[in-house]
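**Student:** One structure coming up, written as structure tokens, with questions to follow.
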Amino acid sequence: MSKYFVRRLAMSVVTLWVIVTITFILMHSVPGNPFANENKNIPEVVYQNLLKKYGLDKPLSEQYLIYLKNIVRWDFGESMKSNTETVNEMIARGFPVSAQLGLQALLIALIIGPALGAIAALYQNRFPDYISMIVSIIGVSVPSFVMGTFLIQFVARNVDWLPIGGWGEWRHTILPSFALALMPLAQIARLMRSSMLEVLGQDYIKTAKSKGISRTAVILKHAVRNAILPVVSILGTTVSNLLVGSFVIEKIFGVPGLGMFFVNSIYNRDYTLIMGVTVFYAIILISMLFIVDIAYTLIDPRIRLTKEGR
Amino acid sequence: MSKKFIILTSLILVLAIIFTGCSSPSNEGKDPAGNNQTAGGKKILRSNNSSEPGSLDPALAQGTHESWILENVFEGLMTFDENGELVPGMAESYEISEDGLTYTFKIRDGVTWSNGDPVTAEDFEYTWKRALDPELAADYAHILYYIKGAQAYNSGEGSRDDVAVKALDEKTLEVTLEAPTAYFLELTAFYTYFPVNKNVVESNPDWAKDPETHVSNGPFKLVRWDHNAKIVLEKNESYYNADKIKLDGIELDIIEDQNTAWQKYEGGEYHILVDVPTSVVAQLKAQNDPQLNIGNQIGTYYYNVNPDVKPFNNAKVRQALSMAIDCETITENITQGGQIPAEGVVPYGLKDENGNEFRDGVGSLVEYDPDKAKQLFEEGLAEEGMTLEEFNSGQFVILYNTSESHKKIAQAVQEMWRTALGIEIGLENVEFQVKLDREKAGDYQISRGGWIGDYMDPMTILDLWWSESAFNDVKYNNEEYDKLIAESKATDDQNIRMENMRKAEKMIMEDMAVIPIYFYTQPYVVKENVSGITYVPVRYPMITYADIAE
């Protein structure tokens, strides 16, 4: 088991290094610079001063080495657009906000999604199935910006205690959490339905039934447990996506999270912020995938990490 | 359900919580009833600042998302009063030497910083030199280049001591300019010229990052800054003109999405909103809604025509392109924000030597005449030895930065040219930064351009096409034009300046170096119970003197 851990860890570091390098190269090969501003270009003298201030006047290879050194020390540097916060500070402030929304959304998706899928499978081609599949088709196909706008227009505008947007109190988080949850909820429900249907047709379910075990027990102990496996396997990406925030949802609801940085940093060519959020996201994603792999071995008795394992 | 599954699910959740650093958002719980607390009998103006300020240090500010706040918390030597007139602010009086080069400001008695320190002439000297320090690398340092020795110091060639701004004593500030600058007084009301407290800045370089340590000298002071979420200003009781300030505070959300901000305004959460969605402006305008105000901005939307590409080097071709565009149709049916069809490059709102509209003194230099356009175009093509077929096979495109409104305008222009001149021009949208790069490299035929002025003088626009200007995208190079601009910059005789600038504008429009489309406007909405909002063309609507009726 520990051997496996060490190997995975080493792999993760290499993956991270590759991501950093590719991002660095891509970022610097895109035209533009961090100091351009809509309608206002800056004179050459000022531009040169700025390049010097942020060390962008050095050759790229040198910048790359300096950058690698800083990452190892967990220092992402200064944002080129903000003179107020460093990239570390921006991530430290934005991530808890995004993560809170993400966790709430995850909770909603994990409670409703599997239930919806399981019910749909149990009542295949009957009324509950149709309802559940309509919900998940809406969830998968309606883009989040439409959903967000819809929620603001028809829910927030009519319900007094639900704010239209902004941040500060818990009630600010309700609508964005739901908007964020819809997509994973729908994905989970659909996945659950199909895997549940497959499991219900298996021989061991028939065996269980014929042994006279109660219907509830058969469904919960045998069907759901096996059907949930594919759902667990997509959780890694789902969780990391939810945790780091969504650009669209955060923009629409005015949420001061991490999600906005992903798009804005690229638009602004804020090099340090681009690298900061990329590395951070990569770390979250890699860790989540790792956790899911471990989780898989615990749930599914057929998968073993090592021969001696359990 | 399997125990293991429950354990696992909780494991993932717990790990996720650990990742979040176990902290709930810092602003949660800090001020849960904040809105209600402040609403009790106090006049708090609420609005939205569309983007997070990069810095609330005046020297490092870059644009409207910072200036709207800075203009309320700082005050320069001159300032704008409740009628939008330029009046002495931190300065009580000023004297200008005969030659128009030396300005001597007397600092007002008893003006203080929000921490109690007196505002001194030395603070100004320190501030301006600091903003020019090449190591600080201020984006807007160039707006200080009017001061003698400023550019040299900023470029690293001159020395700090040679910047000609000097505190003669605690209350007297002497500034010497490179050349007489008729609008220098107004510049001292621009945010880069706002003073900072020398002692505070020297002892704490991070002073501007935290409301606790932020020190300012304006009508309001910064009390809270939740990044990307909210900014709260409170009335500065020690401000010398505090009687004129009716508000007890200003609360600004930071919401980037225009529609969300509009929903909040409509839902009654804001008193004023500046960044209004275009479709809403059009609708309010059609309904003649009294909440809608449209201010003239000092800015022009135009198309650059690359003179290095044949046949755009021919003035007749460029004139024909301009003449074939019906600017009124564009402003009426596409932009719909009350924009004014262009009559030249200099927009409305700027005064000439007699206090009249500069624009009216020049008259309209843009005409819409498809027939004449066709004729000119054919002549121009013939002069270049080109046929219409050759032109159409040239695969010329209009280059614009990706945006719905730029696209619609480009499509309209494309169609107008097709109908009037029978030419086929394609459209190409790229990201803003890519467009800048390509313009710089001359890799375009026609590109969308725009400019918003910094100060209230026609020079803020005409300076763009001076041959050495950094912003001269079309690389317009006309000795006569340069001479006119140089002469206007070297004198403070308004008669000569204005006459020269009128000639310069006529010259550039005769050459049609750029094709003007419309003059920008600044639409904003104000609730009916709010009064005292003033509009100064180079600024965001001023909320400093606003009042709210119950």
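**Student:** List the aspartates and glutamates whose Cα lies under 19 Å from the Cα of A:Lys206, skipping any in the same chain that are fewer than 8 positions away.
**Tutor:** The reachable aspartates and glutamates, counting only those whose Cα sits under 19 Å from A:Lys206, are A:Glu198.
**Student:** Something else about it: How much length, in nm to one decimal, is gained on full extension between B:Thr213 and B:Ala382, taken as 0.36 nm per residue of separation minus their Cα-Cα distance?
**Tutor:** Values: separation 169, 0.36 × 169 = 60.84 nm, distance 6.83 nm.
Length difference between fully extended and current span is 54.0 nm.
**Student:** Using a Cα-Cα cut-off of under 16 Å, which lysines could be cross-linked to B:Lys374, ignoring same-chain neighbours fewer than 8 residues away?
**Tutor:** In chain and number order, the partners are B:Lys316.
**Student:** Given the Cα atoms of segment B:74-212, and with Rh set as the inverse mean 1/r over their pairs in the Kirkwood sense, what is Rg to Rh to two decimals? Before the final figure, lay out each step's value.
**Tutor:** Values: Rg = 14.5 Å, Rh = 15.3 Å.
That ratio is 0.95, to two decimals.
**Student:** Moving on. Can you list the aspartates and glutamates whose alpha carbon is less than 18 Å from that of B:Lys310, not counting same-chain residues fewer than 8 positions off?
**Tutor:** Cα-Cα hits under 18 Å: B:Glu378, B:Glu379, B:Glu383, B:Glu384, B:Glu389, B:Glu390, B:Glu424, B:Glu439, B:Asp443, B:Asp473, B:Asp511.
**Student:** Below 8 Å, C-alpha to C-alpha, sequence gap of six or more: please give me the relative contact order for chain B in percent.
**Tutor:** Numbers: 1055 pairs, mean separation 95.1, N = 550.
17 percent.
**Student:** Could you give log10 I(q)/I(0) at q = 0.11, 0.25 Å⁻¹ for segment B:442-539, computed by the Debye formula over C-alpha point scatterers of equal weight, without solvent?
**Tutor:** For segment B:442-539, the Cα-only Debye profile gives -0.43, -1.46.
**Student:** Taking the Cα centre as origin and putting +1 on Lys and Arg beta-carbons and -1 on Asp and Glu beta-carbons, what dipole magnitude results for the protein assembly as shown, to the nearest 20 debye?
**Tutor:** Details: 75 positive and 109 negative charges, 1425 e Å.
Its charge dipole is roughly 6840 debye.
**Student:** Based on Cα coordinates alone, diagonalise the gyration tensor for chain B, multiply each eigenvalue by 5, take square roots, and list the semi-axes in whole Å, largest first. Intermediate values should be presented prior to the final figure.
**Tutor:** Details: eigenvalues 354, 227, 108 Å².
In descending order, the three semi-axes are 42, 34, 23 Å.
**Student:** Here's something else I'd like to know. When only the heavy atoms of the protein chains count and the probe is 1.4 Å, how do A:Met196, B:Met386 rank by accessible area, highest first? Working shown, then result.
**Tutor:** Values: A:Met196 0, B:Met386 35 Å².
Descending accessible area places them as B:Met386, A:Met196.
**Student:** Can I ask one more? Report the dimensions of segment B:137-272 along its three principal axes from the alpha-carbon atoms, largest first, rounded to Å.
**Tutor:** 54, 33, 33
**Student:** Okay, next question. Ignoring ligands and nucleic acids, what accessible area does B:Ser97 show with a 1.4 Å probe (Å², nearest 10)?
**Tutor:** 40
**Student:** Using amide H atoms built 1.01 Å from N in the peptide plane, name the residues 5+ places from B:Thr79, or on other chains, whose amide H lies under 5 Å from its own.
**Tutor:** B:Val87, B:Gly89
**Student:** Any idea which of B:Ala320, A:Ala223, A:Asn33 is furthest toward the positive side of the dipole for the protein assembly as shown, if Lys and Arg beta-carbons carry +1 and Asp and Glu beta-carbons -1?
**Tutor:** The listed residue farthest towards the positive side: A:Ala223.
**Student:** Counting Lys +1, Arg +1, Asp -1, Glu -1, what net charge surrounds B:Leu376 among other residues with beta carbon under 13 Å of its beta carbon? Working shown, then result.
**Tutor:** Working: positive: B:Lys316, B:Arg318, B:Lys372, B:Lys374; negative: B:Glu367, B:Asp369, B:Asp371, B:Glu378, B:Glu379, B:Glu383, B:Glu384, B:Glu510.
Surrounding charge for B:Leu376 is -4.
**Student:** With the contact rule set at Cα under 8 Å and sequence spacing of 6 or more, what percent relative contact order holds for segment B:65-213? It would help to have the intermediate numbers written out before the result.
**Tutor:** Numbers: 244 pairs, mean separation 40.7, N = 149.
Relative contact order for segment B:65-213 comes out at 27 percent.
**Student:** Sequence-distant or interchain residues sharing an amide H contact under 5 Å with B:Thr112, placed H: which?
**Tutor:** B:Val119, B:Tyr240
**Student:** Further, regarding this structure: Using modelled amide H (1.01 Å from N, peptide plane; none on Pro or chain starts), what sits under 5 Å from the amide H of B:Asp257, excluding residues fewer than 5 places away?
**Tutor:** Long-range HN contacts for B:Asp257: A:Gly254.
**Student:** Right, something else. Please report, in debye to the nearest 20, how large the charge dipole of segment A:91-268 is about its Cα centre when each Lys and Arg carries +1 at its beta carbon and each Asp and Glu carries -1 there. It would help to have the intermediate numbers written out before the result.
**Tutor:** Numbers: 13 positive and 6 negative charges, 115 e Å.
About 560 debye.
**Student:** Same structure again: Which value in Å is the Kirkwood Rh of the protein assembly as shown over different Cα pairs? Could you put the intermediate results ahead of the total?
**Tutor:** Numbers: mean 1/r = 0.0329 Å⁻¹.
Here the Kirkwood hydrodynamic radius works out to 30.4 Å.
**Student:** What is the dipole size for segment B:74-212, taken about its Cα centre, with +1 at each Lys and Arg Cβ and -1 at each Asp and Glu Cβ, in debye to the nearest 20? Working shown, then result.
**Tutor:** Values: 10 positive and 28 negative charges, 35 e Å.
Taking the Cα centre of segment B:74-212 as origin, the dipole is about 160 debye.
**Student:** How far is it, in nm, from the label point at B:Val434 to the one at B:Glu95 when both lie 7 Å from their Cα along the line to the Cβ?
**Tutor:** In this crude label model, B:Val434 to B:Glu95 measures out at 5.9 nm.
**Student:** I'd like the accessible area for B:Glu353, computed on protein heavy atoms only with a 1.4 Å probe and all protein chains in place. Round to 10 Å², please.
**Tutor:** Answer for B:Glu353: close to 50 Å² accessible.
**Student:** How big is the accessible area of A:Val244 in square angstrom, nearest 10, if you roll a 1.4 angstrom probe over the protein chains?
**Tutor:** For A:Val244, solvent-accessible area is about 10 Å².
**Student:** Okay, next question. Along segment B:259-270, what does the Karplus equation 6.51 cos²θ - 1.76 cosθ + 1.60 (θ = phi - 60°) give for ³J(HN,Hα), rounded to whole Hz, x for Gly and Pro?
**Tutor:** Rounded to whole hertz, the list is 5, 4, 4, 5, 4, 5, 5, 5, x, x, 7, 10.
**Student:** Tally Lys and Arg at +1 and Asp and Glu at -1 over the other residues with C-beta under 11 Å from the C-beta of B:Met542: what net charge comes out?
**Tutor:** -2
The values are calculated or read from the model by the stated rules, or taken from the named source; none is laboratory data. Quick caveat, the model's predicted, so the values are computed rather than measured. In this analysis, Cβ positions are derived from the backbone assuming ideal geometry, glycine residues included, and neighbour counts consider all displayed protein chains. Please note that ligands, DNA and RNA were not included when accessible areas were found on the heavy atoms of the full protein model with its side chains. Shrake-Rupley method; radii C 1.70, N 1.55, O 1.52, S 1.80 Å.
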